[in-house]
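Below is one structure; the comments refer to it alone.
The values are calculated or read from the model by the stated rules, or taken from the named source; none is laboratory data. Small disclaimer: the values here were computed from a predicted structure and weren't measured. Using ideal geometry, Cβ is built from the backbone for each residue, glycine included, and neighbour counts are taken over all protein chains shown.
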Amino acid sequence: MDDLGTAFVVKTSINRRGMFETLHTNTGPVGRHLHRIGRRFVVAARGQVGKATLALMNSIGYSVDMIERNPKLEVFADDDIALLHHEGTRPHAIQARSNVMRFSSNGRIQYSRAVMHPGTPPNRYLSDNLYIAKG
């Protein structure tokens, strides 16, 4: 008997609800993966920032947006000094908000209406940790 003339047909159907759950919800594998990366990224970034007031460290967070066809992970720092800390500053003058500023220099208390700040080097606590997104 010759089997070359017979056709073999497989019928399948896609579980659209299951596909949606897998790809487009926070509880599906894609959403869980993005949340895992976001948590790791935030821990690394918080470990790298200065902790003088803890405000910047506590402002670092992440969000996952599971929009259709384009799931998105966003890591952010929304403190007022976040960009200055990340990118650094040039030397600049600081003016007193009231009459004078009080500060310590070389162990002595000083007063002045204005001072020259030497600037700060950048601390790229967000972009330095992009390697985490690969894992």
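In summary, strands (runs of 3 or more DSSP E) completely within the stretch 67-124 and bearing 2 or more residues that are in contact with a helix residue (DSSP H, G or I) (Cβ under 8 Å, 6 or more places away or on another chain) occur at 72-77. The residue that is farthest from V42 (Cα to Cα), counting only those in the stretch 68-91 that are in contact (Cβ under 8 Å) with a residue 24 or more places away in the chain and loosely packed, with under 10 Cβ neighbours inside 10 Å, is P91. Suppose the filter is of a type in the set (G, A, S) and touching a strand residue (DSSP E or B) at 6+ places or on another chain (Cβ under 8 Å); does A52 pass it? For A52, the condition - of a type in the set (G, A, S) and touching a strand residue (DSSP E or B) at 6+ places or on another chain (Cβ under 8 Å) - is not met. Contact map, the stretch 112-135: first residue at pLDDT below 95, second residue loosely packed, with under 14 Cβ neighbours inside 10 Å and polar (S, T, N, Q), Cβ cut-off under 6 Å, separation 6 or more or different chains; pairs are A114/Q95. Show the residue pairs that are 6+ apart or on different chains and have beta-carbon atoms under 6 Å apart, the first residue being within the stretch 28-39 and outside any helix (DSSP H, G or I), the second being among the β-branched types (V, I, T). Partner pairs satisfying both residue conditions: G28/T22. Considering every residue within the stretch 92-100, establish whether at least one is within 18 Å of the chain's Cα centre (by Cα), surrounded by 10 or more Cβ atoms within 10 Å (Cβ to Cβ) and under 27 Å from Q48 (Cα atoms). No, the stretch 92-100 has no match at all.
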